[in-house]
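Comments concern the structure below.
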Amino acid sequence: MMKRRNFLQLTGSTLAALGMSHLDIINQGNRYAKVLAENTPRKLALLVGITEYPKIKRFEKQQLEGCVNDVRLQKELLVHRFGFCPDDIVTLTTKKDTPYEFKPTRKNILEKFEEHLIKQARPGDIVVFHFSGHGSHLRDPRPIKNCDDKKFLEFNSTLAVIDESQNNFAPDIMGRTLFLLRLALQKKGVTNVTMLLDSCFSGGGTRGNFVGRWASGDGYDPHPDEIAYQKRWIDDLKFKGEDAFKDLRCSSVGNGVVIASSEKDIQSWDGPIRDFSAGAFTYFLTQYLWQETNTLGKIITEIKSPIQSFASKQNPVVDGDDTQPIFFIDTKSIPPSEGVISSIKGEEINLWLGGVEYQSLPNMQKDAKFALSNNSGKVLGEIILTSPREFLDAKAKLVSKSANLNIQPGMLVQEISRVIPANLKLNIGLDPSLTKDISDAIKMLSQINRMEAITAQANTRYPRKLEYILGRMTKENRKKQTNREDLPDIDTIGLFSEALEFIPGSFGKQGESITDAVSRLKPKLTSFLAMRLLKQTLNANSSTLDVEASISLLEQPNTIIAQTQTAKSNQIQAKKTYSRVLPLNKLFQFEIKNNTTENLYVMVILIDVTGKPYVVFPYQNIIKNRTLQLKPNEPPLVIGKPDQIELKAVEKGSAEALIVTSRSELKNAAKMLQQLVRETRGGGRGEANKPIDISRGEPVAVIDDLLDDLSGSRSGSSQPREIKADNIATLSMSFEVG
């Protein structure tokens, strides 16, 4: 469990006060709670999403795209997963058709907080406040002490609203104000309070295809209306002087929890998820909660890895009791699902697919199939998509149903099969640092099969989701690297992630031409494409197979580096991943267990820190006899025994393992690997027990053959392929090497 710490310490903002309370207020709230009779708990939410800010200097370089989508993500989750009544959720957004009284102005946010949350909530009720937009900080006219060193803090963190600034006064809502509103709830005995803040309060700017949710507060003071509003609440809450208010941050335990999307000086990122934009924190949190139940602390630990792989070093934090379930609601009785029926219009069924895994979103194509189920997980019918997904909405029709089934909105859907799109491509952004070489880069990339070059728009953003960015290591790009060692030299050409983190092993020498650079990078790019293809089959949440896998040190088999399993496992109800570090130059091993009642076939691919893929099972010595079976209810398959294959990491960075298990024999893939071994081994016996470096051959062809095995098709990449959830389980384990 994370230690109870001040939010100030975690985020560097005076939103610290949101997690603390005054002892007198607590006692008043407890007495109030005992007096009022407890009825059925009501669930109230206020969700704020600000995408369009005034076109003034403070915001002009950091216009956001995903905040309104965040509100939709959160609302659908609260309604269909956590049982909120839609009428009890108020949304304030910058959508064009939103009436003015529901625009996220300072006045509207504060009024709705008071009217909808404070005045309506009673003891035992659930209260949620979500804010997606820019954060900032303003000079604090009445600074609050830092609990550790007792120094007064000059700035107070704020939420930026859509009102225009007047002179030097910004209309932001200060952390001090939110703290007072929480105390007002607590005074009424309302303690099940959750605040989610997907904004940042220090640092900012853009990185690749992402924008930091931070607006400058330099030169601005709090608006006089904000100071007057705080004074009103201080009087209403009957504080005994200003000193009591200033000292309360350190006085007691908190009321409810505050979840911040990032730590101090680390940006919260806004950018493209797939074909839509959202906040990295809000998207991965809500996607996780459709599939998993856990304590708040464990949830945050689980989502850190996908957030950081997607959006640099963003690290969400919690202030409050992180042993509580999210939103103080226990959902253990609700089965995991990929989504829900949102509405029905005649024979057309509208779906919300909020639980589909990030890597699987491109596969929500026409003809993908889902099972209808009730809250106990019993399958009641089958539906099929009639059109590709738009945002997370999709249209479907009924294929079959059980007798007397009355299809209703709110019914959960679970994946039966997905469709792998034909000729899936790798989108490569061209960084403006390439300057006059951009046209040559487009020409060279077009000559590599299934690569698409995408140029930046005028605002340096890209019009769609990217896999990588091709660019030069300039001084500016070098400054954007986060805690990285062995940085490439200035004026070298290589690959960056979408968040402009450089890809190890991809940069060449100074003076290299763009033509030579793309030629050098071709094997790496085709390997990246192959792995993107394979990741279309990731289905830990939807697979009906019962499989588990782990990585451990050979000398310490009980020390787990990483562990994962199918979420619908009969023996393990929830996915667990231990984000520990694999030491350099230490032998390690995989263990894979088949908990089903039938034979499965298995292949394991290790992606090293440079992105190079190796098949570690089957390895070269056993591929001839095709002993790829994983038998049921037997000791785990161990990959990495000293007398078989040696696995050792030799370079720091982020690595990943993909474990593919299937009811179908992997004949085509095995045949392709045999051919690759013959072509690259050279007859040397010393290579018999080594992994197979598929980048030395045609990695896309290897994975295409594997997809044919998994789909039971020989269509190759030219036709869509159907992958069934009851036939395969593909798992991923990410870990750090260092």
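The values are calculated or read from the model by the stated rules, or taken from the named source; none is laboratory data. None of these values were measured; they are calculated from a predicted model. Here the Cβ is made from the backbone with ideal geometry for all residues, glycine too, and neighbour counts use every protein chain on show.
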inquiry  = Every residue in the stretch 501-520 that is closer than 17 Å to T435 by Cβ and hydrophobic (A, V, I, L, M, F, W, C), please.
reply    = I514, A517, V518
Residue satisfying condition, being modelled with pLDDT under 95, surrounded by fewer than 19 Cβ atoms within 10 Å (Cβ to Cβ), in the same structural domain as V257 (by TED's automatic domain parsing) and of a type outside the set (A, V, I, L, M), within set D140, D87, D148 = D148
ask   = Can you tell me how many residues in the stretch 451-466 are under 22 Å from P362 (Cα atoms) and surrounded by fewer than 17 Cβ atoms within 10 Å (Cβ to Cβ)?
value = 4
request  = Among the residues of the stretch 546-558, count how many are among the hydrophobic types (A, V, I, L, M, F, W, C) and surrounded by 22 or more Cβ atoms within 10 Å (Cβ to Cβ).
outcome  = 3
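Can you find a residue that is closer than 22 Å to R721 by Cα and either without any contact (Cβ under 8 Å) to a residue 24 or more places away in the chain or over 26 Å from the mean Cα position of the chain (by Cα) (or both) anywhere in the stretch 370-382?
Within the stretch 370-382, one or more residues are closer than 22 Å to R721 by Cα and either without any contact (Cβ under 8 Å) to a residue 24 or more places away in the chain or over 26 Å from the mean Cα position of the chain (by Cα) (or both).
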message = Between I329, I303, I299, which is in contact with a strand residue (DSSP E or B) (Cβ under 7 Å, 6 or more places away or on another chain) and modelled with pLDDT of 85 or more?
response = I329
query = For the stretch 387-425, how many residues are outside any strand (DSSP E or B) and in contact (Cβ under 8 Å) with a residue 24 or more places away in the chain?
reply = 15
note = Filtering the stretch 325-347 down to residues that are farther than 18 Å from L412 by Cβ, touching a residue at least 12 places away in the same chain (Cβ under 8 Å) and loosely packed, with under 12 Cβ neighbours inside 10 Å yields E347
request  = Kindly list the number of the only condition in (1) modelled with pLDDT of 90 or more; (2) surrounded by 21 or more Cβ atoms within 10 Å (Cβ to Cβ) that fails for V317.
outcome  = (1)
remark   = Note: among I442, I448, I428, I469, just one is assigned to a loop (DSSP other than H, G, I, E, B) and surrounded by 14 or more Cβ atoms within 10 Å (Cβ to Cβ), namely I448
request  = Determine, yes or no, whether V340 is over 19 Å from Q536 (Cβ atoms) and not in a loop (DSSP other than H, G, I, E, B).
outcome  = yes
request  = Report yes if some residue within the stretch 502-515 is assigned to a strand (DSSP E or B) and within 29 Å of the chain's Cα centre (by Cα); otherwise report no.
outcome  = yes
note = Among A499, A530, A458, the single one that is free of Cβ contacts under 8 Å to residues at least 40 places away in the same chain, aliphatic (A, V, I, L, M) and not assigned by TED's automatic domain parsing to the domain that holds D708 is A458
query = From the residues in the stretch 35-57 that are in a loop (DSSP other than H, G, I, E, B) and crowded, with 20+ Cβ neighbours inside 10 Å, which one is modelled with the highest pLDDT?
reply = I50
key: Residue list for the stretch 482-492, filter: surrounded by 12 or more Cβ atoms within 10 Å (Cβ to Cβ) and either under 24 Å from S513 (Cβ atoms) or hydrophobic (A, V, I, L, M, F, W, C) (or both)   = L487, P488, I490, D491, T492
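Residues in the stretch 62-104 that are aliphatic (A, V, I, L, M) and over 24 Å from S136 (Cβ atoms): how many?
Residues in the stretch 62-104 being aliphatic (A, V, I, L, M) and over 24 Å from S136 (Cβ atoms): 4 in total.
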